[in-house]
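Each remark here refers to the structure printed beneath this line.
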Amino acid sequence: MTEFPVAPLADSIAAGEVYLSDTPALQSHAGTQPDLFLRWNRIPLSSASIDVVVHLHGFSQQGRDMTLAEKVARSGLDLSLRVRPTLAMLPRGNWIRHYYYDFPALLSGGIDRLIDDGLQYLAGTASAALPGVFAMNRFILSAHSGGGMPAVDVISGAHRAPDEFFVFDGLYGRDPAGGAPMQGLEIIDRWLVERLQGEPRWEGALRVIYIEQQTGPFSRKVAELVARHLATVDPVLAARLAQRYRVEISRVQHSQIARRCMPELLAAANTEFDWWK
């Protein structure tokens, strides 16, 4: 594992980024190297915990030859507007065939191992004076396009479910030939129930941005789940939650949704997009 080019300051880690190769948690994934991208904003060394963002990329017309930089450029993992100390991670998926990618290494708790490794590597290379490994505070999971349904599966096996879940035109549903095209709704439903039980003491979010002809049917079913759950909440609280738990139609093309929306969501999960700016 390549060492981070971390720049320790007197009392903090300076903002930075790095590509890493041959990541242990991703060894089962087929594809090119490097296989993991990390980016972080300024992190005070006094921080006992930091937030973690994991973004799952979509398919690639480059197939097996896809470079991770292609997906970083479209990920929207821009921390410049985010105040909270945060580590962002973009793992390279597993090439299946043609332009398809999935993320089997992150299932059944694999996402937890990846996060733990990222936190350990950051702390271990930051400063000899750092007392230990950062703990994770808030966990944000995001996905674009073909990474959307794998992200749903990741949630079902994660030891710690995400506090915030952002999906950018990625809820395609399952292959109808399998007989259950809406499989996965039950995972989101269960996560929503558990997440809303923590409100408003521990705020969370679900933001789904979709294009009708791409991911409309599944996304609209998620909107129905959100509406049903918010209908059981005190109206005053429900109005506040509706800003953070919402499903809406994108006003930009598929390939640009994450790049357009993610920076603002990382700044504030209740952001209202001005699509025309």
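The values are calculated or read from the model by the stated rules, or taken from the named source; none is laboratory data. Not measured: the values here are computed from a predicted model. We place every Cβ from the backbone using ideal geometry, glycine too, and count neighbours over all the protein chains shown.
Show the residue pairs meeting these rules: Cβ distance below 6 Å; 6+ apart or different chains; first residue within the stretch 12-32 and under 22 Å from residue 107 (Cβ atoms); second residue modelled with pLDDT of 95 or more and assigned to a strand (DSSP E or B).
20/36; 23/36; 26/91; 29/94; 30/94; 30/95; 31/95
Given the conditions (1) over 23 Å from residue 110 (Cβ atoms); (2) hydrophobic (A, V, I, L, M, F, W, C); (3) crowded, with 18+ Cβ neighbours inside 10 Å, report the number of the one that residue 68 does not fulfil.
(1)
If we scan the stretch 240-250, do we find a residue that is in contact with a Phe, Trp or Tyr (Cβ under 8 Å, 6 or more places away or on another chain), aromatic (Phe, Trp, Tyr), under 24 Å from residue 186 (Cβ atoms) and at pLDDT 95 or above?
No: zero hits.
State all residues of the stretch 164-187 that are aliphatic (A, V, I, L, M) and either within 12 Å of residue 147 (Cβ to Cβ) or out of contact with any Phe, Trp or Tyr (no Cβ under 7 Å at 6 or more places or on another chain) (or both); if no residue qualifies, say none.
Of everything in the stretch 164-187, those that are aliphatic (A, V, I, L, M) and either within 12 Å of residue 147 (Cβ to Cβ) or out of contact with any Phe, Trp or Tyr (no Cβ under 7 Å at 6 or more places or on another chain) (or both) turn out to be 167, 171, 177, 180, 185, 187.
Restricting attention to the stretch 257-277, which residues are closer than 16 Å to residue 210 by Cα and surrounded by fewer than 16 Cβ atoms within 10 Å (Cβ to Cβ)?
Hits for the stretch 257-277 are 272, 274, 275.
One residue is enough: does the stretch 124-137 have a residue meeting the conditions within 14 Å of the chain's Cα centre (by Cα), in a loop (DSSP other than H, G, I, E, B), buried (at least 16 other Cβ atoms within 10 Å of the Cβ) and among the hydrophobic types (A, V, I, L, M, F, W, C)?
No, every residue in the stretch 124-137 fails to be within 14 Å of the chain's Cα centre (by Cα), in a loop (DSSP other than H, G, I, E, B), buried (at least 16 other Cβ atoms within 10 Å of the Cβ) and among the hydrophobic types (A, V, I, L, M, F, W, C).
When you go through (1) at pLDDT below 95; (2) not in a loop (DSSP other than H, G, I, E, B); (3) not basic (Lys, Arg) one by one for residue 276, which number turns out not to apply?
Of the numbered conditions (1) at pLDDT below 95; (2) not in a loop (DSSP other than H, G, I, E, B); (3) not basic (Lys, Arg), the odd one out for residue 276 is (2).
Taking interchain pairs and intrachain pairs at least six residues apart, which have beta carbon atoms under 6 angstrom, with the first residue in the stretch 79-95 and over 11 Å from residue 55 (Cβ atoms) and touching a residue at least 24 places away in the same chain (Cβ under 8 Å) and the second of a type in the set (A, V, I, L, M) and assigned to a strand (DSSP E or B)?
85/43; 85/50; 87/50; 87/52
Do we have any residue at all in the stretch 167-182 that's buried (at least 23 other Cβ atoms within 10 Å of the Cβ), part of a helix (DSSP H, G or I) and at pLDDT 95 or above?
no
Might you check whether a residue that is touching an Asp or Glu at 6+ places or on another chain (Cβ under 7 Å), at pLDDT 95 or above and surrounded by fewer than 17 Cβ atoms within 10 Å (Cβ to Cβ) occurs anywhere in the stretch 187-198?
No, every residue in the stretch 187-198 fails to be touching an Asp or Glu at 6+ places or on another chain (Cβ under 7 Å), at pLDDT 95 or above and surrounded by fewer than 17 Cβ atoms within 10 Å (Cβ to Cβ).
Could you tell me whether any residue of the stretch 152-159 is in contact (Cβ under 8 Å) with a residue 12 or more places away in the chain, of a type in the set (A, V, I, L, M), surrounded by fewer than 23 Cβ atoms within 10 Å (Cβ to Cβ) and closer than 24 Å to residue 49 by Cα?
Yes, there is a match, as at least one residue in the stretch 152-159 is in contact (Cβ under 8 Å) with a residue 12 or more places away in the chain, of a type in the set (A, V, I, L, M), surrounded by fewer than 23 Cβ atoms within 10 Å (Cβ to Cβ) and closer than 24 Å to residue 49 by Cα.
Filter the stretch 94-115 down to the residues that are of a type in the set (A, V, I, L, M) and either in contact with a helix residue (DSSP H, G or I) (Cβ under 7 Å, 6 or more places away or on another chain) or on the phi > 0 side of the Ramachandran plot (or both) and list them by number.
Hits for the stretch 94-115 are 105, 106, 107, 111, 114.
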